[in-house]
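Readers should treat all values here as calculations from the given coordinates under stated rules, not as data from a laboratory. Everything numeric in this text was worked out from a predicted model, so none of it was measured. Here the Cβ positions follow ideal geometry from the backbone for every residue, glycine too, while neighbour counts run over all protein chains shown.
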Ligand SMILES: C=C(O[C@H]1C=CC=C(C(=O)O)[C@@H]1O)C(=O)O
């Protein structure tokens, strides 16, 4: 089943992008108002937006195709004046897509105002009717207040129950049903008052500058994994799978990084994920480079095996970055191998509605270029309730207790970001 529901006032629309002095919009996240804020940030660069010129909600197996069609149709009704012509200038939409086909609830939003920054260039995009007044250079808004009195509780399953699910999956793998499955769990945080998402966003952007800090329609986080970035005919994917927890002691962590790079269990987990991405990208590329061995990506809480896959696309005129994300999803970093068996097992045993966790999240511009990360190290916020998610790749040699500890380490970024 699929459905598509659009919310938008009548056009015609005009999107206008003008250059700004980067120093005038120093810290992008500080510009966000509390309501209707969207964000995509990394190392001080990125996009923030607010207001809603148009939006669509899609669901089901056609959620990507329906959103992509809606975006093309909206562009056809919009005059775009772009003085900057960087990826992400001109009109952009921010999206977040459901992990599973059912229910697959997804959203694509076009903010009224977007401020972007890329190195020494910055810009302001406004979307409105032709005769509408345009806002001046945005100024930092009020400082968000930290969530108070946060208490954490188990989500769908407690730790013991989740370890039994992992053990069940290991059994299925041993029986030869599949090779790898990624299993997730959730944790529920409740604050005394509605949570202002700008608080955790600011903290995530500061503590995880090497990750992509995002917020779209109540889903926020700081992901280290780029499912697909397309920019002027070049495509990149940062594939992660295989994890070791950090200890906080630099010498020990370096030794652990070397252990990770040699761990046959993690290399196996990683290989499935790289293969799934390379196989899905191949039909779209005229050339592609897939490194033979992964590198170790160091994050403050964990280290991952990582591979950057690069390619030259030959179908940019007909296949947008969003459709590329669709063809890569779910990669074996969040689903498993073989994909169909793994997603059926997730459905059967995980006991959790993933919602938009582990689905593609990011943005698309008028040229179809864009960045789509995987919504990992992520949570949803709904009033005073924040639901945090983390998943772990399970292969034949996985140990349920180790996987539980790994999931706890992956919950740390959002957990800490809710603190003061
Ligand atoms: C599914 C998650 O992480 C994926 C990405 C990196 C490493 C992973 C792992 O080692 O299991 C997972 O495949 C998550 O953080 O929720």
With a Förster distance of 25 angstrom and the Cβ-Cβ distance between residue 275 and residue 349, calculated FRET efficiency to the nearest 0.05 equals 0.60
Among the Cα-Cα pairs of the stretch 193-233, the proportion with separation greater than 11 Å, in percent, is 68 percent
Simple spin-label estimate for residue 45/residue 190, 7 Å along Cα→Cβ, in nm, reads 4.3 nm
Contact order relative to length for the stretch 2-417, counting C-alpha pairs under 8 Å separated by 6 or more residues, stands in percent at 22 percent
Exposure-ranked with fewest Cβ neighbours within 10 Å first, 369, 399, 142 stand as 142, 399, 369
Here, the stretch 145-259 modelled as identical Cα point scatterers in vacuum has Debye log10 I(q)/I(0) at q = 0.12 Å⁻¹ of -0.76
With Rh as the Kirkwood radius over Cα pairs, the chain has Rg/Rh of 0.96
Scattering profile of the stretch 59-154 from the Debye formula, Cα beads only, expressed as log10 I(q)/I(0) at q = 0.11, 0.13, 0.15, 0.17 Å⁻¹, is -0.53, -0.70, -0.85, -0.96
The answer for the per residue Cα convex hull volume of the stretch 136-183, in Å³, is 156 Å³
Length gained, residue 24-residue 408, 0.36 nm per residue minus C-alpha separation, equals 134.3 nm
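What FRET efficiency, computed as 1/(1 + (r/R0)^6) with R0 = 35 Å and r the Cβ-Cβ distance, is obtained for residue 175 and residue 255, rounded to the nearest 0.05? Could you put the intermediate results ahead of the total?
Values: r = 36 Å, r/R0 = 1.01.
For residue 175 and residue 255, the calculated efficiency is 0.50.
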In nanometres, the difference between 0.36 nm per residue of separation and the alpha-carbon distance of residue 141 and residue 310 is 57.0 nm
Restricted to the chain, the DSSP antiparallel beta bridge percent, nearest 5, is 95 percent
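Could you calculate the FRET efficiency of residue 236 with residue 151 from 1/(1 + (r/R0)^6), where r is the beta carbon distance between them and R0 is 35 Å, rounded to 0.05?
Given R0 = 35 Å and the Cβ-Cβ separation, E is 0.30.
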With the stretch 215-364 reduced to its Cα atoms and the Debye formula applied, log10 I(q)/I(0) at q = 0.09, 0.13, 0.17, 0.21 1/Å amounts to -0.31, -0.65, -1.06, -1.36
Sorted on mean Cβ neighbours within 10 Å (highest first), peptides 384-394, 154-164 come out as 384-394, 154-164
Evaluated at 25 °C and 0.890 mPa s, the Stokes-Einstein D of the stretch 254-328 based on the Kirkwood radius over Cα pairs, in µm²/s, stands at 177 µm²/s
In Å, the C-alpha Rg and Dmax of the stretch 295-361 are 15.1, 41
Under the helix-only model (-39500 (n - 2.57) for each DSSP H run of 4 or more, divided by the residues of the chain), the mean residue ellipticity at 222 nm, to 500 deg cm²/dmol, is -8000 deg cm²/dmol
